[in-house]
Amino acid sequence: MTDRPHSPADSDRTRIRRIPENAVHDRATLDAVLDAGLVAHVSVVSGEQPFVLPVAYARRDDEVLFHGSSGSRLFRTLAEGQPTCLTVTLLDGLVLARSAFHSSMHYRSAMVLGVARRLTGEDELDGLRVVTEHLLPGRWDDCRQPTAKERAATILLSLPLEEWSLKIGTGDPQDDEEDITDAPYSGIWAGSVPIRESFGTPARSADCPPEIPLPEYVQRWRR
């Protein structure tokens with residue numbers, strides 16, 4: 001098997017060695033995966049203890065933005081320049097092989113390595129807008145903007161898209177030949193079950209008067 005050409009955007013640290021044929025080196029595909037996700041996981045080490053934090057995020061051009069509390073020692077550690085790893089995984093389906101070993105998933109998984117920097121001033125405000133619009137399209141112009149106190153309570157970080165990898169798993173189960181041809185396992189159903197993510201019916205909060213209509217931009221949300 002011949003490895004695919006290695007992208008300049010990747011590094012030896014992010015080169016995919018396990019099932020390298022699932023590696024994708026196209027930046028546009030990476031952007032599409034990041035733009036489709038809503039939650040990322042970010043690593044940080046405090047003392048000798050590693051932690052992984054779930055964060056809301058958004059891509060802005062050549063960087064990934066994510067935020068947390070300025071009261072969090074873990075976010076302060078990241079803001080001070082500790083190297084980190086950010087991952088986004090989209091689960092697209094379950095793969096049912098004839099054996100437990102070969103059963104798997106359909107997925108799109110991105111990993112970004114680097115050092116994050118803290119955003120300030122107008123750049124921070126624009127970053128908060130980008131994250132809000134990624135999660136809640138149309139909401140930024142409709143809601144109250146962050147106050148100085150709220151911004152002081154928030155750390156907004158930017159991680160550059162300079163060192164990354166992308167792996168995508170698709171296709172049929174990769175069963176052993178004897179499981180496909182020989183009884184009893186040849187009689188087992190094999191295939192995949194797609195997983196679909198969708199928005200439900202909006203639920204009005206108890207303190208929201210019934211005469212206030214559901215915003216049109218919310219009605220347009222599809223997933």
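Only the coordinates and a few stated rules stand behind these numbers; no lab work does. Computed from a predicted structure; not experimentally measured. A quick note on method: Cβ atoms are made from the backbone with ideal geometry, for glycine too, and the neighbour counts reach across all protein chains shown.
Overview of values
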| item | result |
| --- | --- |
| Residue order, fewest to most surrounding Cβ atoms within 10 angstrom, among THR14, THR120, THR29 | THR120, THR29, THR14 |
| Given charges at beta-carbon only (K, R positive; D, E negative), |dipole| of the stretch 20-173 in Debye | 520 |
| Convex hull of Cα atoms in the stretch 145-223, direction-averaged projection (nm²) | 12.6 |
| Alpha carbon convex hull of the chain, volume per residue in cubic angstrom | 186 |
| GNM result for the chain, Cα springs below 10 Å: residue of ALA79, ALA100, ALA56 fluctuating most strongly | ALA100 |
| Along the chain, longest interval not containing exposed chymotrypsin sites (Phe, Trp or Tyr not before Pro), exposed being DSSP loop plus at most 12 other Cβ atoms within 10 Å | 1-100 |
| CD proxy at 222 nm, helix term only [per DSSP H run n ≥ 4: -39500 (n - 2.57); per residue of the chain; nearest 500] | -5500 deg cm²/dmol |
| Relative contact order of the chain, pairs being alpha-carbon contacts under 8 Å that are 6 or more residues apart, as % | 25 |
| Most positive-pole-ward Cα, PHE75, GLN219, ALA148, against dipole of the chain from beta carbon charges | ALA148 |
| Selected from GLY37, HIS25, ALA56, residue furthest toward positive end of dipole (the chain; charges at beta carbon) | ALA56 |
| Furthest towards positive pole of dipole, TRP189, ALA110, PHE199, structure part the chain, Cβ charges | PHE199 |
| Dipole moment magnitude, nearest 20 debye, the stretch 134-188 about Cα centre, only Lys, Arg, Asp, Glu C-beta charged | 1100 |
